[in-house]
Amino acid sequence: MALFKIKFDLQKRVKLAQGLWLMYWFAVIAGALVFAMGLFFKIELRKNSELMDSNESHFVPNLLIIVGLLACGINAFGGKICYDSLDTAKFARWKTAMKPFLISCLAFNALLILTALFCFMMRIPLMFTLAEGLKNSMKFYKDTDTPGRCYMKRTLDQMQMEFKCCGNNNYKDWFEIQWVSNRYLDFSAKEVKDRISSNVDGKYLMDAVPFSCCNPSSPRPCIQAQLTNNSAHYSYDHYTEDLNIWKRGCRDALVSYYGGMLNTIGILVILVTVLEVAVTVGLQYVNTAMSTLVNPEDPESESEGWILEKTVKETFTDIMAKAKAMRGSQVEDGEGGEGAVATVS
């Protein structure tokens, strides 16, 4: 027994084809939107690619761009089929291509679901690649005279000001690295000698942060040096007073920014998937309704349409039986080949 069988007359077939044609062009626009979102996300990642440990994060935007282009092409083709289904003579040339096209639509729907899952799951690998990338980038902050790294200071400063963050996990990360270049240190000064000699690696460490960590909304002038020394500043308590620098770590800020963007794109892809499933089901009804006309020469004759010719269980059983038959024929062909070789020898 066919699954979700519906009887069609000419008027119903025309309404179905026209409505489906309109839905297909909405799907083309949705595909273009997915493409645009993928391109936008890729550009946003490129802006901070120097702060990431690997290029694996570009897999999802590349996938979105490909899926968007495929959606435009597949849906435009489906719209053409629906338009031609209004004329039985024109639709006849699509009969042989309908089954492969419907199978490709099902495969594309599965790809859309995987794409949505990748969008929601990308937050985790993005967190790790940002954690390692920011840690390494902060070490190069002082290398303004080193070819290939001279841009890192500007990149980090712009990132901290734009995302209102400081350091990797928090502002204390700057205490653990030397972010002031040796070029700007007076090695004859006692303070510099003491700080360098007190460190095992001979680095100049201090409880200070770059200027880009300052919060311009704070009423107090920015305190960016000697942050843990209460006596160095008037009416200041490092433990109880709100610092006038950004407390949020840049990894958390960037993950929240890109994660929110990915969630939005993931929801968009899910909505596109629902639309694609709807047009695929509709096209199956158009195909079966046009193929079961009582009198193919009379366009006004009645017909029947369905999603599956048999029930889900029967369809699955038939697929498994065909798969076993194909496997058995392959085994027999292999045995026949070995027998032939043995006879020749």
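A straight chain from Asp237 to Asp201 at 0.36 nm per residue would run longer than the Cα-Cα distance by 9.9 nm. Sparsely packed loop sites in region 173-246 (the GluC sites (Glu not before Pro) outside DSSP H, G, I, E and B with at most 15 other Cβ atoms within 10 Å) comprise Glu241.
Max-minus-min Cα coordinates of region 36-112 on each principal axis give 59, 19, 13 Å, with the largest extent listed first. Here region 16-92 and region 137-188 have alpha carbon centers that stand 41 Å from each other. Taking R0 as 35 Å, what's the FRET efficiency between Lys7 and Leu117 from their Cβ-Cβ distance, rounded to 0.05? Computed FRET efficiency for Lys7 and Leu117: 0.35. Here the convex hull built on the C-alpha positions of region 76-143 has a volume of 131 cubic angstrom per residue.
Reported to the nearest whole Å, the Cα centre-to-centre distance from region 108-135 to region 197-229 is 34.
For region 259-276, backbone phi angles converted through the Karplus equation (6.51, -1.76, 1.60; θ = phi - 60°) give residue-by-residue couplings of x, x, 5, 5, 4, 5, 5, x, 5, 4, 5, 5, 5, 5, 4, 4, 5, 5 Hz, Gly and Pro being listed as x.
Pairs from the list Lys42/Lys139; Lys139/Lys164; Lys164/Lys193 with a Cα-Cα gap above 23 Å: Lys42/Lys139; Lys164/Lys193. Counting only protein heavy atoms and a probe of 1.4 Å, the accessible surface of region 1-147 is 71% carbon and sulfur.
Amide H to amide H distances under 5 Å link Phe8 with Ser303, Glu304, Gly305, where only residues 5 or more positions off or on other chains count and H is placed in the peptide plane.
Looking at region 31-151, the accessible area is 51 square angstrom per residue; that uses a 1.4 Å probe and ignores ligands, DNA and RNA. For a Förster distance of 45 Å, can you work out the FRET efficiency between the beta-carbons of Leu185 and Leu39, rounded to the nearest 0.05? Computed FRET efficiency for Leu185 and Leu39 comes out at 0.50. Positive end of the dipole of region 101-253 (Cβ unit charges, origin at the Cα centre): among His233, Ile223, Phe101, the Cα lying farthest that way belongs to Phe101.
For region 28-119, the residue among Phe41, Leu117, Gly73 whose Cα projects farthest onto the positive side of the dipole built from Cβ charges is Gly73. Computed from point charges on the beta carbon alone (+1 for Lys and Arg, -1 for Asp and Glu), the dipole magnitude for region 1-142 about its Cα centre is near 440 Debye. Residues whose amide H lies under 5 Å from that of Ile245, counting only those 5 or more places away or on a different chain, are Asn215; hydrogens are built 1.01 Å from N in the peptide plane.
The values are calculated or read from the model by the stated rules, or taken from the named source; none is laboratory data. Predicted, not measured: the structure shown is a model, and the values here were computed from it. Counting neighbours? That spans all protein chains shown, and the Cβs are built from the backbone with ideal geometry, glycine included. The accessibility values were calculated without ligands, DNA or RNA, using every heavy atom of the protein model including side chains. Shrake-Rupley method; radii C 1.70, N 1.55, O 1.52, S 1.80 Å.
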